[in-house]
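In what follows, a single structure is set out as structure tokens and then discussed.
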Amino acid sequence: MGFMLQADRKTCKDIDECRVNNGGCDHNCRNSVGSFECGCKKGYKLLINERGCQDIDECSFDRTCDHICVNTPGSFQCLCHKGYALYGLTHCGDIDECSINKGGCKYGCINIPGGFECTCPAGFKLHWNQKDCVELVKCMTTGMSSCAAMICSRNGKKDTCSLTCSSKTLLQPESDSTYIFSCGSPAHKLGLSSKQNTNHHSTETLVPPVKQRASFKLKDSRCGLRVRGRSARGEESARHGSSHALCSDCRLTYIQLKCDSLLRNKGRSTRSSPNKEVTRISLELEAEVKVEEATSSCSLTCLRQRLERKIKSILKSLRKSINQERFVIRLASVEYEVAQKGGMATERGENCTPGHHRMWGKCGKEEGYLP
């Protein structure tokens with residue numbers, strides 16, 4: 001087998017099996033002395049019958065390609081996800097789209113693995129095409145308007161502060177020498193949160209207001225709203241002086257002032273006569289951050305910090321004006337002192353009928369709205 005007897009009947013010659021039908025091999029046939037061998041092309045394997053060839057599925061092996069592997073007859077092809085480029089035969093590398101014309105972004109471009117994101121300055125949002133910037137539709141963060149204005153000024157060494165309330169003014173007398181005065185509504189009563197506004201006309205998010213609290217103490221004073229007089233806007237600046245610290249533009253949405261007078265006697269606190277009383281004034285206020293003023297150079301965090309510094313400066317001036325008895329509440333152009341020194345305070349009188357409290361020499365209902 002594998003040889004053929006020659007005509008001399010003595011010698012044998014090798015038979016080249018590959019000459020006939022490729023020796024029955026699918027791919028390659030290699031003749032050998034007295035026999036032959038079948039072989040396969042690259043990317044194929046020889047079957048058990050030693051004749052046929054079968055494709056090798058390179059994609060069945062682990063880590064053949066970084067991303068996508070496509071098997072082909074006798075070979076394979078590696079592909080990369082969008083945003084990546086093939087290097088070598090099997091590896092994928094991220095494409096930095098921002099390196100070429102900012103990725104087509106109108107304002108800013110941030111490269112991310114497999115892609116990029118366009119950014120917009122404060123006060124703008126990304127267009128639906130994800131590249132251009134369009135101006136935001138402005139909407140109030142809390143739906144509230146300014147309810148109060150705190151104005152403080154200095155004339156020489158004297159600080160003068162006035163609180164002007166424009167709406168939702170409430171007076172709650174708790175006793176003859178204690179009362180709570182407020183205007184506006186606190187944020188928690190309005191159900192505010194940091195969630196996005198559900199109104200489809202609004203593209204801003206709700207921003208919590210800036211909250212501040214302060215407490216002031218006055219000796220030998222008693223709480224009581226006492227009319228000081230009327231003031232005109234023209235006379236106001238002349239009286240306040242030239243150096244102003246204004247918070248009229250702070251968009252104050254809520255202010256609560258509590259005035260309470262107590263007697264200090266051997267470490268015990270009881271109600272007593274005005275000339276021995278100590279008055280404590282507690283102030284709580286909320287101010288709204290003006291979202292519409294946000295810019296690329298000053299974000300919402302920056303605006304919030306500015307507002308906090310401004311309010312702290314106002315409270316510092318307020319403390320001085322209270323100690324100098326130069327703090328008033330202004331309602332309908334009428335100025336009211338919040339407390340009076342010793343002899344200026346009103347003496348207590350007879351008891352009032354049920355449901356009423358004596359307040360500054362007169363009986364009145366437990367709470368009421370001021371004009």
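The values are calculated or read from the model by the stated rules, or taken from the named source; none is laboratory data. Predicted model, so just to flag it, every value in this text is computed and none were measured. Note that each Cβ is placed from the backbone with ideal geometry, even for glycine, and that neighbours are counted across all protein chains shown.
Annotations for the structure displayed:
- Of all residues in the stretch 1-47, those that are of a type outside the set (D, E, K, R) and farther than 23 Å from residue 75 by Cβ total 21.
- Looking across the stretch 287-337 at every residue that is of a type in the set (Gly, Ala, Ser) and either at pLDDT below 85 or more than 28 Å from residue 216 (Cα to Cα) (or both), the one that is surrounded by the most Cβ atoms within 10 Å (Cβ to Cβ) is identified as 294.
- Selected residue (only one of 23, 43, 104, 34 is without any contact (Cβ under 8 Å) to a residue 60 or more places away in the chain and either in the same structural domain as residue 295 (by TED's automatic domain parsing) or within 30 Å of residue 132 (Cα to Cα) (or both)): 104
- Listed by first and then second residue, the pairs with beta-carbon distance under 9 Å, at least 6 apart or on different chains, first residue in the stretch 65-78 and not assigned by TED's automatic domain parsing to the domain that holds residue 40 and surrounded by fewer than 16 Cβ atoms within 10 Å (Cβ to Cβ), second small (Gly, Ala, Ser) and not in a strand (DSSP E or B), are 72/43; 73/43; 74/43; 75/43.
- Residue among 136, 170, 163 that is surrounded by 15 or more Cβ atoms within 10 Å (Cβ to Cβ), modelled with pLDDT under 90 and within 23 Å of the chain's Cα centre (by Cα): 136
- Across the stretch 176-187, the qualifying residues are those that are within 18 Å of residue 258 (Cβ to Cβ) and outside any loop (DSSP other than H, G, I, E, B), and the one among them that is modelled with the lowest pLDDT is 184.
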